[in-house]
Amino acid sequence: MALKLGNKSLSVSIKKSLLTSIFLLLVILGGLSIATKMRLSALQDTIETVGRDRLPKLRALGEINLGIARVRSASYRIALTATPEQRAEVEQSFRRRVAALDKKIEDTRASLNPASPLKLIFDQFAHKWTQYGKYQELLVDPEAPKDQVKFSNLVNVETEAHFQAVVDLINDGIKLANQEADAAIDEAIAESHYYSAILWIVNAVSILIGLATLIFVVRDVSTPIHRITSSMEQIARGNLETEIPYADRGNELGLMARALTVFKKSLVENERLNAATRTLSELSEWLQSAKSEGELYGMISSVLGRLMPECKGSLFIYANSRDVLEVAAEWNGRSHTASIHPEDCWSLRRGHSYVHGTSEVEFHCDHVHSTVNENYCCIPILAHGETVGLLHLEYTADASETAEEAKARFADRARLGSACAEHLAIAIANMKLREGLRDQSVRDVLTGLNNRRYLLETARRELLRATRHKHPVSVITLDVDHFKKFNDNHGHDAGDTVLRHVGEILATQFAEDAVPCRFGGEEFVVMLPNVNLQDAAARAEELRAKVEALNIRYAEGHLPRVTISAGVAVFPEAGATLMDVLRVADDALYRAKDGGRNKVEVSGHAACDAHAHCDHAADKATAALREVLERAKQAEAGAKAGKKNKAA
């Protein structure tokens, strides 16, 4: 017989089933509670019965005890009565009391259980009472009081002893009756407490079972189903960031959650591909707007890192020598290789994309690290028929993915990478073309320094920034001493060699915080943002000393010593524009030439302070010069000795 389920909520069905079970359990426990309550009622009846049985016994024993006392007092009254008429009246009352007491004793004796200890004590009491009756007869004898001594002995000794024995026995009976009743009541009370405790325990267990079942229903059934249902509703509304709970469980809820997770991943993947398509359509425009190669590679790293978060990627660009590719950008982790040879990559050797991990016949690229998994791809970046770089992607599989799912997602990422490479190729080629043209326009070919045009463009920006932040900008103008005579005596090639060496020193000393430029001919200018006049003069003096220490080898000999003269001025004291500051610095430069050349002059009244500040630098430069000259003499002496040996 097949079980047919109605079109009801699974959560409601399970909840109703569990509540039905709870109801049946409570019915069973309720029946047990009723049975226990009935037992307690029976115990209560027992207690009441014991109370009813004890009172008549105690009342009867008490009445017997009282009757004994009255009989004794009546016997004393008979003995003490003087006249026969009074004696007859008292004796008649005495006989009635004795008869009533005897009847009471017999009735009580008959009502007792023959096997009970109280029956034995009462029998002894009855026997003692019978014996005491003989002495009672002697007390009521009219002749007894005549012998006072004998009568006193009878009253105070013989009768008293038997009377006390009778009283003791009846008191023992009363005490025993009380003890039996108290024992029965105590036993009934103890049993009542026992069953009361059982009743409380049963009720507590019932409550705990009910609470545990309710907690189970809410926590393990109703709440999980409600949460999974809520997640499904959120995903259906397009909220793909919704977390799906209970996917790690092995029951039906876990199966539902895992199925929903797969469905969500599929939706996320489709959404991501759509977003990637939209992003790629916007990427080209942004890449074309980059102003430098560094900015372009930063944009590529940022966009591709977010576009393919599960892929670790690197962008390699050909060096100018075209013999090696260097890392220009990387995302989602650092590359294991900083540079690669074109022969190390199968995609560059074969001229098209190489996706590893998808074919039967495949080989590892030599540039791929041993820790990289099987899923990686290399995509050449081609622009205008020329390979300008390489896009390398390494897929990092999710722990929840199977091998087949990982390969399928990696194939999608490889296709997305190929689409990205097409956009990157055009942007990189255009940027290299722009950088080349710009480099030709702002770079001096001979020295490799920036030219006059670059200085003017940079100065406009730096002077505005200095004005805004109230910072100084120092300018050093310098040229090579007697450079025209140097060209006339040694030729223009030697002059170019001197200019290249001076340019190298400038590029080395002012590599980070300054802008060294060749202004024209043998004249150079250095702009130092955020440097005051004294510090600029000290650095100019250091530069002068290094140039003076040059030992330039040309052809088969050494060129004469080269020196420079320099002038230093500072913005805004020297003027409001670069040309004003340059004129003041040139004036200081002419003073240095007029003063004998190979020296540094500063503008205006600050010269003394600047020279004082430069003393230490000059001392250091002089020491360095002496050391260089010493090495030059040693080298020249060695060269002469070698020539002599050859001549010999």
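The values are calculated or read from the model by the stated rules, or taken from the named source; none is laboratory data. Note that the structure is a prediction, hence the values are computed from the model and not measured. For neighbour counting, all protein chains shown are included, and Cβ atoms are generated from backbone atoms with ideal geometry for every residue, glycine included.
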Original post:
Just wondering, is there one or more residues in region 395-407 that are farther than 28 Å from Thr577 by Cβ, of a type outside the set (A, V, I, L, M, F, W, C), in contact with a helix residue (DSSP H, G or I) (Cβ under 7 Å, 6 or more places away or on another chain) and modelled with pLDDT of 80 or more?
Top reply: yes
Subject >> Flag for Gly351 being assigned by TED's automatic domain parsing to the domain that holds Leu390, among the small types (Gly, Ala, Ser) and under 23 Å from Arg409 (Cα atoms) >> reply: no
Original post:
Does Glu293 fit the bill of being modelled with pLDDT of 85 or more, among the acidic types (Asp, Glu) and in the same structural domain as Ala411 (by TED's automatic domain parsing)?
Top reply: no
Original post:
Of all residues in region 345-366 being in a helix (DSSP H, G or I) and out of contact with any Leu (no Cβ under 9 Å at 6 or more places or on another chain), which is surrounded by the most Cβ atoms within 10 Å (Cβ to Cβ)?
Top reply: Trp346
Original post:
Hey, does region 450-457 have a residue that's within 23 Å of Leu528 (Cα to Cα), in a loop (DSSP other than H, G, I, E, B) and in contact with a helix residue (DSSP H, G or I) (Cβ under 7 Å, 6 or more places away or on another chain)?
Top reply: yes
Original post:
For region 483-519, which residues satisfy the criterion of being touching a Lys or Arg at 6+ places or on another chain (Cβ under 6 Å) and either under 26 Å from Arg465 (Cβ atoms) or among the hydroxyl-bearing types (Ser, Thr, Tyr) (or both)?
Top reply: Phe519
**OP:** Would you confirm whether any residue within region 489-498 is outside any helix (DSSP H, G or I), of a type outside the set (Lys, Arg), touching a helix residue (DSSP H, G or I) at 6+ places or on another chain (Cβ under 7 Å) and over 14 Å from Pro529 (Cα atoms)?
**Re:** no
Original post:
If you go through region 473-488, how many residues are charged (D, E, K, R) and farther than 21 Å from Leu582 by Cβ?
Top reply: 3
Original post:
Looking at (1) assigned to a loop (DSSP other than H, G, I, E, B); (2) in contact (Cβ under 8 Å) with a residue 60 or more places away in the chain, which is the one condition that is false for Asp513?
Top reply: (2)
Original post:
Which pairs have Cβ atoms under 9 Å, sit 6 or more apart or on different chains, and link a residue in region 251-264 that is small (Gly, Ala, Ser) to one that is loosely packed, with under 13 Cβ neighbours inside 10 Å?
Top reply: Gly254/Asp248; Ala257/Asp248
**OP:** Scan region 331-353 residue by residue and report those that are at pLDDT 85 or above and closer than 14 Å to Thr396 by Cβ.
**Re:** Trp331, Asn332
**OP:** Show the residue pairs that are 6+ apart or on different chains and have beta-carbon atoms under 7 Å apart, the first residue being within region 447-472 and closer than 12 Å to Leu578 by Cα, the second being surrounded by fewer than 13 Cβ atoms within 10 Å (Cβ to Cβ) and of a type in the set (A, V, I, L, M, F, W, C).
**Re:** none
**OP:** Please go through region 214-247 and pick out each residue that is part of a helix (DSSP H, G or I) and of a type in the set (A, V, I, L, M, F, W, C).
**Re:** Leu214, Ile215, Phe216, Val217, Val218, Val221, Ile225, Ile228, Met232, Ile235, Ala236
**OP:** Give the residue that is surrounded by the fewest Cβ atoms within 10 Å (Cβ to Cβ), with candidates limited to residues of region 283-331 that are in contact with a helix residue (DSSP H, G or I) (Cβ under 9 Å, 6 or more places away or on another chain) and among the β-branched types (Val, Ile, Thr).
**Re:** Val324
**OP:** Answer yes or no: is there a residue in region 475-486 that is part of a helix (DSSP H, G or I) and buried (at least 19 other Cβ atoms within 10 Å of the Cβ).
**Re:** yes
